[in-house]
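The values are calculated or read from the model by the stated rules, or taken from the named source; none is laboratory data. If you're wondering where the values come from, they're calculated on a predicted model, not measured in any experiment. Note that we place each Cβ from the backbone using ideal geometry, even for glycine, and neighbour counts take in every protein chain shown. The accessibility values were calculated without ligands, DNA or RNA, using every heavy atom of the protein model including side chains. Shrake-Rupley method; radii C 1.70, N 1.55, O 1.52, S 1.80 Å.
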Amino acid sequence: MILIKTMNVMALDCEYTQPSRKTIQIGAAAFNPRNAALLERFSTYVDPGEPISPEITLLTGITNRDVAGAPTIQQAVKDLRAFHKKHKCFKNPIVWGSSTRNDSQHIWDESGLEGDNFMGFRVLDAKTIFQSAQLFEDGQHSGGLKDSMKRIGLTFEGEAHQAINDAINAFRVWYFFMRQLHDGRKK
């Protein structure tokens, strides 16, 4: 009998102040990628050391009161590293969108911690997978996470722009496409 050891995956999302892009919330969730079992959630506010603008509070619901007394970015990233290690997650996290600076690299750089980023410099970008499938099918590829999920028949769970909810829903998009790929290969 051959035992297949499954490595877990971590979905990650962060919320930031503007225009400085200081982190105000980190959300992550560990999953078994073969059956989509949610193993544990990680969610923390982060004290950005500056006021949160009214526009960001309106978008995210995160207030100055929420981040008062919250961990520093250094402590939050250390806690995230322990979470990642505890669940034996694949190095690169699943994210929704990764521009020139993805969430994992951004929070690592902001933390100023020594050594290499435990999440690496790559990500598993669910948005890129969604956009690739949409370009292949009908060319309609733009949209945020919630709208994109609707287009593929998934319902967004929770409040948008809360890091833990965005992380979990990014995983759900990733899993949707991995399931299709896997099931299609088995035919």
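Laid out as a table, the results:
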quantity	calculated
Within segment 1-66, strands (runs of 3 or more DSSP E) holding 2 or more residues that are of a type in the set (Gly, Ala, Ser)	23-31
Odd one out for Ser132 among (1) assigned to a loop (DSSP other than H, G, I, E, B); (2) surrounded by fewer than 16 Cβ atoms within 10 Å (Cβ to Cβ)	(1)
Test: residue in segment 78-89 that is crowded, with 22+ Cβ neighbours inside 10 Å, touching a helix residue (DSSP H, G or I) at 6+ places or on another chain (Cβ under 7 Å) and touching a residue at least 24 places away in the same chain (Cβ under 8 Å)	no
Residue match in segment 147-165 (condition: within 19 Å of Thr44 (Cα to Cα), touching a Leu at 6+ places or on another chain (Cβ under 6 Å), assigned to a loop (DSSP other than H, G, I, E, B) and of a type outside the set (Val, Ile, Thr))	yes
Hits in segment 35-55 - residues which are under 19 Å from Gln74 (Cβ atoms), open to solvent by 30 Å² or more (accessible area, probe 1.4 Å) and more than 15 Å from the chain's Cα centre (by Cα)	Asp47, Gly49, Glu50
Where Gly120 falls short, out of the listed (1) out of contact with any Leu (no Cβ under 9 Å at 6 or more places or on another chain); (2) at negative phi; (3) assigned to a loop (DSSP other than H, G, I, E, B); (4) surrounded by 11 or more Cβ atoms within 10 Å (Cβ to Cβ)	(2)
